[in-house]
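Throughout, read-outs are computed from the coordinates displayed, never taken from laboratory work. Please read all numbers here as calculations on a predicted model, not as lab measurements. Here the Cβ is made from the backbone with ideal geometry for all residues, glycine too, and neighbour counts use every protein chain on show.
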Amino acid sequence: MVGRRVAGVTVRHPRTARLNASTDEVETRLMGRRFESLARHGKFLVADLDDGQRLIAHLGMSGRFSLANPDTESPPHTHVVIVLDDGTEVRFIDPRTFGFLAVVDEDEIAGSPIARLGPDLWVSPPTAEELATRLSGRTAPIKALLLDQAIVAGLGNIYADEVLHHARIHPLTPGGEVGPGRAGALAEAMTLVLSEAIEVGGTTLDDLAYLLPDGAAGENVDRLAVYGREGEPCPRCGGVVERIVLRGRSTHYCPMCQV
DNA sequence: ACCTCCCTGGCC
DNA sequence: GGCCAGGGAGGT
């Protein structure tokens with residue numbers, strides 16, 4: 001994809017282009033451009049274009065990109081098709097339309113969603129001190145702060161629960177009360193939980209929304225300590241995993257060893 | 001710094 | 001037939 005030029009582009013679903021003025025705007029801005037780089041920041045994909053614009057993409061809950069031969073039929077929910085100058089089709093498929101594609105110019109980058117992201121936790125894992133600083137004075141529950149991509153970018157609901165379990169921190173703990181010592185445990189847990197999950201291909205739930213590029217399921221669901229395990233024993237202490245709803249997100253933790 | 005909303009497939 | 005899952009934007 002990098003080095004290729006856009007020879008054609010169709011945005012079929014207005015919601016997928018909702019950060020731009022219209023589907024037409026996305027098409028017009030992309031047409032003829034060359035992809036100069038491709039990167040990830042947190043859960044966002046960012047491609048630099050040859051005229052200083054950027055293509056920003058988010059997969060939301062159910063989005064995926066597929067590189068396909070144009071002779072093959074597009075699967076259902078294919079909302080964007082980008083034809084590259086070598087004939088390859090880049091398809092954006094997203095049943096639940098929580099994902100989006102946006103093309104921003106240089107002046108718009110500062111106001112775009114990626115401008116508000118904190119450091120990517122995989123590329124630039126926070127030190128204990130950095131994390132403690134970012135949490136200090138915050139009264140919101142630590143679980144909510146882990147999901148706030150402006151603090152650290154990259155954690156979603158499943159891994160936030162798993163990270164807190166690993167660090168033995170109760171999800172309702174006010175951020176400012178985590179303190180420097182436990183911030184260290186938290187920082188370590190972020191990298192550890194993610195690397196273990198990535199090692200086995202990530203977390204594919206029963207809905208099969210996330211699959212590896214070859215269509216295989218990731219195996220990390222078997223390793224989850226608390227997420228989706230309400231009523232089951234905590235693998236560390238044997239306590240019974242509880243589920244609460246926090247800010248509209250299901251939250252799982254062990255009341256015995258997370259304090 | 002909060003809350004509401006958006007969306008569809010899968011399951012009860 | 002209704003509920004649930006979860007990401008971020010945008011409004012208050």
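Quick rundown of the values:
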read-out	value
Extreme residue, farthest from DNA strand B (Cβ to nearest atom), among residues of the range A:233-254 that are in a loop (DSSP other than H, G, I, E, B) and surrounded by 14 or more Cβ atoms within 10 Å (Cβ to Cβ)	A:Arg236
Restricting the range A:110-120 to residues that are out of contact with any helix residue (DSSP H, G or I) (no Cβ under 7 Å at 6 or more places or on another chain) and in a helix (DSSP H, G or I), the residue that is nearest to DNA strand C (Cβ to nearest atom)	A:Pro113
Residue tally, condition surrounded by fewer than 20 Cβ atoms within 10 Å (Cβ to Cβ), under 21 Å from A:Leu38 (Cβ atoms) and within 15 Å of DNA strand C (Cβ to nearest atom), over the range A:94-109	2
In the range A:121-151, the residues that are part of a loop (DSSP other than H, G, I, E, B) and either within 15 Å of A:Gly181 (Cα to Cα) or within 16 Å of DNA strand B (Cβ to nearest atom) (or both)	A:Pro126, A:Thr127, A:Ser136, A:Gly137, A:Arg138, A:Thr139, A:Ala140, A:Asp148, A:Gln149, A:Ala150, A:Ile151
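Results for (1) of a type in the set (Asp, Glu); (2) within 16 Å of DNA strand C (Cβ to nearest atom), shown as yes or no for each residue.
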residue: A:Met190; (1), (2): no, yes
residue: A:Thr203; (1), (2): no, yes
residue: A:Tyr210; (1), (2): no, yes
residue: A:Ala217; (1), (2): no, no
residue: A:Glu242; (1), (2): yes, yes
residue: A:Leu246; (1), (2): no, yes
